[in-house]
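Enquirer: Just passing along the structure, written as structure tokens.
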Amino acid sequence: SMSLREHALFLFHSAVGTVCPAPMLKRAVKLQGAGCPQLLVTGQTFPMKRDLYLVGFGKAVLGMAAAAEEILGDHLVRGIISVPLGIQESLQRAGMQEMLLKPHSKIQVIEGAKNNLPDAEALKGADAIQELAKGLTADDLLLVLISGGGSALLPAPIPPILLEEKEKLTKALASQGAAIQELNIVRKTLSLLKGGGLAQLAYPAQVVSLILSDVVGDPLDIIASGPTAASSHSVQDCIQILTKYNLLHNLPKSVETVLSSSPMKPTAPEDYSHVCNIIIGSNALALDEAKHQAEGLGYTTLILSTAICGEVGRIATLYCQLIHLVCLGFTGLGYGPLSDKVRGNLLQLAAELEIPGLNLAEFLQALQGFGPERPVCILAGGETTVQLQGTGKGGRNQELALRVGLGLHRAQAMETSSCPGRCEITFLSGGTDGQDGPTEAAGAFCSPELVDEALQEGLDVEAFLSNNDSYTFFSQFQGGHHLLVTGLTGTNVMDIQAILIRAM
């Protein structure tokens, strides 16, 4: 029979595969009818009265555009996409031709935003997209492809503001300690295309946005700064933020001009009746596929949350305690004082973590009925944060796996009587883009045996952790056998964790 590790790997690949550009677009977008053709997007119908245009921006958009062009064929008149610098070359090198446009494509590719920062090239891309959107009529249909990383690829300050003025202002805010949410409000207010600007420019054309979400909770107005979503913020909010950080009184003249001439309230929702925003790829969709596959392999499967966020050490504790609880249930101790104590700890931790939409009490209720006759799979996704203390090389997924490995080892050292040694356990954490931090790996696997087996090789897990050196650890340990290496995937829906447990 396949090992738990092989199962975990298979589930990860299934999840990522379902949000890869080609399968994702083929599932979401269909063409119907010959005379007056219609575009069918996840069950919604859009008549194509005249011409179909395409624009896009983001790290995964090149692959999405290639797939879209294949589906749309001759109906597509013209397209422009703004993508990261060097992406065509790196996909070519990785042998991922299916993510590249065909030689005689009608889509123009503009590469920019070196190091994920807006620059002159990205500005050129944004200008071209803006020009295309402006010229559309009520009979046209504009397909907009959006993925993470889209914000830096769509810089379009409202004239007369210059890009460097806008960048200088956001830098000043950041150095004053402004939160990312506050920075985004200021960016959106001073931008032509963000915060619904692109949708307004394309009016009266029908706008259909296909979105690959890399943000916890899939908020339309946050992903790529929401170029086709109604902004929930006004100029007033922007002025408030600038006041809070004492920047209101030495603004560039151009910014003053724009702020004093902009409408004070956010645009009313009815301005968006010509716009349809559809999330075609997300962490939740990826986990649904993994769940389907896990059930096919015979696992009782639960999805914990697709919005896991918080400090990596605390999330590791959450997973270790969940594993402990399942193992107690397997050994017939699911209803004793010991499991009550673990449940209490978990509920306390969950309350402190404030993971959006997580109903842990309900989840634990479901866990309680699980006996040893069927293996258990718990799936989760989101984005943890790492507090850097060391100078090592690693990423949040590898660090999480290493911390879970350490936690499971400690739990076993304490449990002599009801040892979870009667359970076989594998934990996997991986980034769906295939790159965890500045490393070659997407993530890593661990099991309760990790710490002891590492010691036999003279590797001290705690020392590597205190230096944030998880990649170095996993590269050395058993010759890199526990690294999850996928290469670039061409997509990104944040991270995925899988916990697999079976009775021995």
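Enquirer: Consider residue 500 carefully, then state whether it is closer than 20 Å to residue 314 by Cβ, more than 22 Å from the chain's Cα centre (by Cα) and of a type outside the set (Ser, Thr, Tyr).
Expert: Details: closer than 20 Å to residue 314 by Cβ: no; more than 22 Å from the chain's Cα centre (by Cα): yes; of a type outside the set (Ser, Thr, Tyr): yes.
For residue 500, the condition - closer than 20 Å to residue 314 by Cβ, more than 22 Å from the chain's Cα centre (by Cα) and of a type outside the set (Ser, Thr, Tyr) - is not met.
Enquirer: How many of the residues making up region 1-59 are within 21 Å of the chain's Cα centre (by Cα), part of a helix (DSSP H, G or I) and of a type in the set (A, V, I, L, M, F, W, C)?
Expert: 11
Enquirer: If I go through region 268-326 residue by residue, how many of them are among the hydrophobic types (A, V, I, L, M, F, W, C), within 23 Å of residue 215 (Cβ to Cβ) and assigned to a loop (DSSP other than H, G, I, E, B)?
Expert: Count: 0.
Enquirer: Can you tell me which residue among 387, 435 is touching a Leu at 6+ places or on another chain (Cβ under 9 Å) and either of a type in the set (Lys, Arg) or assigned by TED's automatic domain parsing to the domain that holds residue 328 (or both)? Full working, then the answer.
Expert: Details: 387 fails: touching a Leu at 6+ places or on another chain (Cβ under 9 Å).
Sole residue among the options that is touching a Leu at 6+ places or on another chain (Cβ under 9 Å) and either of a type in the set (Lys, Arg) or assigned by TED's automatic domain parsing to the domain that holds residue 328 (or both): 435.
Residue by residue, here is whether (1) closer than 30 Å to residue 161 by Cα; (2) touching a residue at least 60 places away in the same chain (Cβ under 8 Å); (3) crowded, with 20+ Cβ neighbours inside 10 Å; (4) not assigned by TED's automatic domain parsing to the domain that holds residue 359 holds:
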site	(1), (2), (3), (4)
237	yes, no, no, yes
274	yes, yes, no, yes
294	no, yes, yes, no
311	no, yes, no, no
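Conditions (1) crowded, with 24+ Cβ neighbours inside 10 Å; (2) on the phi > 0 side of the Ramachandran plot; (3) in contact (Cβ under 8 Å) with a residue 60 or more places away in the chain; (4) not small (Gly, Ala, Ser), marked per residue:
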site: 176; (1), (2), (3), (4): no, no, yes, yes
site: 186; (1), (2), (3), (4): no, no, no, yes
site: 201; (1), (2), (3), (4): no, no, yes, yes
site: 209; (1), (2), (3), (4): yes, no, yes, no
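Enquirer: Residues of region 327-365 being among the polar types (S, T, N, Q) and either within 33 Å of the chain's Cα centre (by Cα) or assigned to a helix (DSSP H, G or I) (or both), which ones?
Expert: At the first step, the residues of region 327-365 found to be among the polar types (S, T, N, Q) are 331, 339, 345, 348, 359, 365.
Hits for region 327-365 are 339, 345, 348, 359, 365.
Enquirer: Of the conditions (1) farther than 28 Å from residue 142 by Cβ; (2) at pLDDT below 95, residue 222 fails just one. Which one is it?
Expert: (1)
Enquirer: Residues of region 78-107 being assigned to a strand (DSSP E or B) and crowded, with 16+ Cβ neighbours inside 10 Å, which ones? Don't jump to the end; show me each part of the working.
Expert: To start, the set of residues in region 78-107 that are assigned to a strand (DSSP E or B) comprises 78-84, 107.
Hits for region 78-107 are 79, 80, 81, 82, 83, 84, 107.
Enquirer: Scanning region 458-474 for residues that are touching a residue at least 40 places away in the same chain (Cβ under 8 Å) and in a loop (DSSP other than H, G, I, E, B), which turns out surrounded by the fewest Cβ atoms within 10 Å (Cβ to Cβ)?
Expert: Going through region 458-474, the residues touching a residue at least 40 places away in the same chain (Cβ under 8 Å) turn out to be 461-462, 464-474.
Restricting the remaining residues to those that are in a loop (DSSP other than H, G, I, E, B) gives 467-469.
Numbers: 467: 17, 468: 24, 469: 21.
So, considering only residues that are touching a residue at least 40 places away in the same chain (Cβ under 8 Å) and in a loop (DSSP other than H, G, I, E, B), the one surrounded by the fewest Cβ atoms within 10 Å (Cβ to Cβ) is 467.
Enquirer: Applying the selection to region 342-351, what residues are within 19 Å of residue 371 (Cα to Cα) and either surrounded by fewer than 20 Cβ atoms within 10 Å (Cβ to Cβ) or among the hydrophobic types (A, V, I, L, M, F, W, C) (or both)? Give the derivation first.
Expert: So the first thing to find is which residues in region 342-351 are within 19 Å of residue 371 (Cα to Cα), and the list is 342-343.
Hit for region 342-351 is 342, nothing else.
Enquirer: Which condition number in (1) over 27 Å from residue 283 (Cβ atoms); (2) at pLDDT below 95 is the one that residue 52 fails?
Expert: (2)
Enquirer: Could you list, in sequence order, the residues of region 408-457 that are aliphatic (A, V, I, L, M), modelled with pLDDT of 95 or more and outside any loop (DSSP other than H, G, I, E, B)?
Expert: 408, 425, 428, 444, 450, 451, 454, 455 - these are the residues of region 408-457 that are aliphatic (A, V, I, L, M), modelled with pLDDT of 95 or more and outside any loop (DSSP other than H, G, I, E, B).
Enquirer: Follow-up. With respect to the numbered conditions (1) in contact with a strand residue (DSSP E or B) (Cβ under 8 Å, 6 or more places away or on another chain); (2) closer than 24 Å to residue 242 by Cα, which one is the sole condition not fulfilled by residue 141?
Expert: Here residue 141 clears every test but (2).
Enquirer: If you don't mind, another one. On the given criteria, is residue 126 closer than 22 Å to residue 214 by Cβ and touching a Pro at 6+ places or on another chain (Cβ under 8 Å)? Please lay out each step first, then the result.
Expert: Working: closer than 22 Å to residue 214 by Cβ: yes; touching a Pro at 6+ places or on another chain (Cβ under 8 Å): yes.
It is true that residue 126 is closer than 22 Å to residue 214 by Cβ and touching a Pro at 6+ places or on another chain (Cβ under 8 Å).
Enquirer: Go through (1) within 30 Å of residue 389 (Cα to Cα); (2) among the hydroxyl-bearing types (Ser, Thr, Tyr); (3) not assigned by TED's automatic domain parsing to the domain that holds residue 395 for residue 305 and report which single condition fails.
Expert: The number of the failed condition is (3).
Enquirer: Checking the structure you have, find out if any residue of region 70-82 is at pLDDT 95 or above, under 21 Å from residue 435 (Cα atoms) and touching a helix residue (DSSP H, G or I) at 6+ places or on another chain (Cβ under 7 Å).
Expert: No, there is no match, as no residue in region 70-82 is at pLDDT 95 or above, under 21 Å from residue 435 (Cα atoms) and touching a helix residue (DSSP H, G or I) at 6+ places or on another chain (Cβ under 7 Å).
Enquirer: Just to check your reading of the model, which residue among 223, 211, 239 is among the aliphatic types (A, V, I, L, M) and over 27 Å from the mean Cα position of the chain (by Cα)? First the steps, then the outcome.
Expert: Working: 223 fails: over 27 Å from the mean Cα position of the chain (by Cα); 211 fails: over 27 Å from the mean Cα position of the chain (by Cα).
Just a single option satisfies the conditions, and that option is 239.
Enquirer: Another question about this same structure. Can residue 426 be described as crowded, with 24+ Cβ neighbours inside 10 Å and among the β-branched types (Val, Ile, Thr)?
Expert: On the way: crowded, with 24+ Cβ neighbours inside 10 Å: no; among the β-branched types (Val, Ile, Thr): yes.
It is false that residue 426 is crowded, with 24+ Cβ neighbours inside 10 Å and among the β-branched types (Val, Ile, Thr).
Enquirer: I would also like to ask the following. Looking at this structure, is residue 292 under 24 Å from the mean Cα position of the chain (by Cα) and farther than 25 Å from residue 123 by Cβ?
Expert: On the way: under 24 Å from the mean Cα position of the chain (by Cα): yes; farther than 25 Å from residue 123 by Cβ: yes.
Spelling it out, residue 292 is indeed under 24 Å from the mean Cα position of the chain (by Cα) and farther than 25 Å from residue 123 by Cβ.
Enquirer: Here's something else I'd like to know. Got a number for residues in region 336-370 being among the basic types (Lys, Arg) and either modelled with pLDDT under 95 or closer than 19 Å to residue 380 by Cβ (or both)? Outline the logic, then answer.
Expert: First, the residues of region 336-370 that are among the basic types (Lys, Arg): 341, 343.
This time we only want the ones that are either modelled with pLDDT under 95 or closer than 19 Å to residue 380 by Cβ (or both), so: 343.
Within region 336-370, residues that are among the basic types (Lys, Arg) and either modelled with pLDDT under 95 or closer than 19 Å to residue 380 by Cβ (or both) number 1.
Enquirer: Quick check on my filter: what residues within region 295-307 are more than 21 Å from the chain's Cα centre (by Cα) and at negative phi? First the steps, then the outcome.
Expert: Here is the first cut: in region 295-307, the ones more than 21 Å from the chain's Cα centre (by Cα) are 295-301.
Of everything in region 295-307, those that are more than 21 Å from the chain's Cα centre (by Cα) and at negative phi turn out to be 295, 296, 297, 299, 300, 301.
Enquirer: Within region 163-174, track down each residue that is touching a residue at least 60 places away in the same chain (Cβ under 8 Å) and touching a helix residue (DSSP H, G or I) at 6+ places or on another chain (Cβ under 7 Å).
Expert: 165, 169, 173, listed by residue number.
Enquirer: Now for a different question. Find all pairs meeting these conditions: Cβ atoms under 8 angstrom apart; at least six residues apart or on different chains; first residue within region 125-154 and of a type in the set (S, T, N, Q); second residue surrounded by fewer than 20 Cβ atoms within 10 Å (Cβ to Cβ) and assigned to a loop (DSSP other than H, G, I, E, B).
Expert: Pairs that qualify, where the first residue is of a type in the set (S, T, N, Q) and the partner is surrounded by fewer than 20 Cβ atoms within 10 Å (Cβ to Cβ) and assigned to a loop (DSSP other than H, G, I, E, B), are 137/50; 137/204.
Enquirer: Does residue 275 qualify as being of a type outside the set (S, T, N, Q) and out of contact with any helix residue (DSSP H, G or I) (no Cβ under 6 Å at 6 or more places or on another chain)?
Expert: Numbers: of a type outside the set (S, T, N, Q): yes; out of contact with any helix residue (DSSP H, G or I) (no Cβ under 6 Å at 6 or more places or on another chain): no.
So residue 275 does not fit the description; no.
The values are calculated or read from the model by the stated rules, or taken from the named source; none is laboratory data. What you see is a predicted model, and the numbers here were worked out from it, not measured in a lab. No Cβ is skipped: glycine too gets one built from the backbone with ideal geometry, and neighbour counts run over all protein chains shown.
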